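Below: the structure, in structure tokens.
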Amino acid sequence: MRNSLATLWVGDWLGPIELASAASFLRMGNPLTVYSYTPIANLPPGVMARDASEVLPARQIAVYAREGSPSLHSNFFRFALMRNTDHTWVDLDMIALQPFEFEGERIYGYEKEDQVNCAVLRLPKDSPVLADLSKLNAETRGVAPHIQGLRRAKYWAKTLGRGVPIDQWPWGSTGPRALTAYLRKHDELRYALPLEVLYPILTKDCRRFITPGDLTDASFGPQTRAVHLTASNINKLLAKEGLTEIPEDSFLGQHVARARGAGFL
């Protein structure tokens, strides 16, 4: 059975990366629901819209203080999604290359040798990992779970035992780093999918997705179900190089063209 997928979008407009991602999931036959707190003006045909308050009511969107990124709130939301629905979470910068037909109650994969990512995530409702992740919220103060040993003690001492507000934690502390730390704590890293299944291109190499003539779907082996673009890094690269359009003869450009052909753009 193909997994029912869901995500959260903060904002009222989807960009070409998000539309290419949505198109790829629908093309593979996976139902996709996009939750949002405000209507999305260009939600593609075939994608179901739902009110994010059904999953996680919020008076305001939690953001990381340094980056101003709502990914902090997205992490809280994805854990609530695990508790309150039967969806599998997907980030809208994943490009599906095969149908999502994962078996079992756990779906997460390595993004590098020592860290699991949560761009694709499913956990059992009674998971102790989910219970720990669900303790994180906008009011949390403390030390990020991946920080251990003497470094952890120094954080507590520096803050006189009060801890650090969660919006000031290091980037990724409530996402991949927290997930990895709690999976290790509860001996559930053994269920993580190999790197080539969801994250065959490392984040540091994401430029390859916009390099003309480099990657195509055929560049990936039969184990690869999807690839993670890391949209924030892609957008930074495009801006740095003064590119206002995604290069057509690149992996991402090809998928944007497919989305356009399906009437998404």
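Odds and ends about this structure:
- Lone qualifier among N75, N30 - being crowded, with 18+ Cβ neighbours inside 10 Å and not in a loop (DSSP other than H, G, I, E, B): N75
- Residue, nearest to the chain's Cα centre (by Cα), within region 96-126, restricted to residues that are in a strand (DSSP E or B) and aromatic (F, W, Y): Y108
- Failed criterion for K240 (all others in (1) surrounded by fewer than 13 Cβ atoms within 10 Å (Cβ to Cβ); (2) in contact (Cβ under 8 Å) with a residue 60 or more places away in the chain hold): (2)
- Restricting region 186-232 to residues that are within 25 Å of P16 (Cα to Cα) and free of Cβ contacts under 8 Å to residues at least 12 places away in the same chain, the residue that is surrounded by the most Cβ atoms within 10 Å (Cβ to Cβ): D205
- When the residues of region 249-265 are filtered to those that are modelled with pLDDT of 95 or more and not in a helix (DSSP H, G or I), the one that is surrounded by the most Cβ atoms within 10 Å (Cβ to Cβ) is S250.
- Region 149-185, subset of a type in the set (F, W, Y) and crowded, with 20+ Cβ neighbours inside 10 Å, residue farthest from R78 (Cα to Cα): W169
- Contact map, region 68-80: residues that are closer than 13 Å to W171 by Cα paired with residues that are assigned to a helix (DSSP H, G or I), Cβ distance under 7 Å, separation 6+ or inter-chain. Pairs shown: L72/D167.
- Subset of region 37-50 [more than 22 Å from V256 (Cα to Cα) and in contact with a strand residue (DSSP E or B) (Cβ under 7 Å, 6 or more places away or on another chain)]: R50
- If you check L81, L19 for being closer than 26 Å to D217 by Cα, at pLDDT 95 or above and not in a loop (DSSP other than H, G, I, E, B), only one passes: L19.
- Which numbered condition A6 fails, given (1) without any contact (Cβ under 8 Å) to a residue 12 or more places away in the chain; (2) buried (at least 19 other Cβ atoms within 10 Å of the Cβ): (1)
- Entry remark, region 127-140: residues being out of contact with any helix residue (DSSP H, G or I) (no Cβ under 7 Å at 6 or more places or on another chain) and either part of a strand (DSSP E or B) or closer than 21 Å to Y108 by Cβ (or both) number 4 in total.
- Condition met for W13 (among the aromatic types (F, W, Y), surrounded by fewer than 17 Cβ atoms within 10 Å (Cβ to Cβ), more than 20 Å from C206 (Cβ to Cβ) and out of contact with any Pro (no Cβ under 6 Å at 6 or more places or on another chain)): yes
The values are calculated or read from the model by the stated rules, or taken from the named source; none is laboratory data. Not measured: the values here are computed from a predicted model. For neighbour counting, all protein chains shown are included, and Cβ atoms are generated from backbone atoms with ideal geometry for every residue, glycine included.
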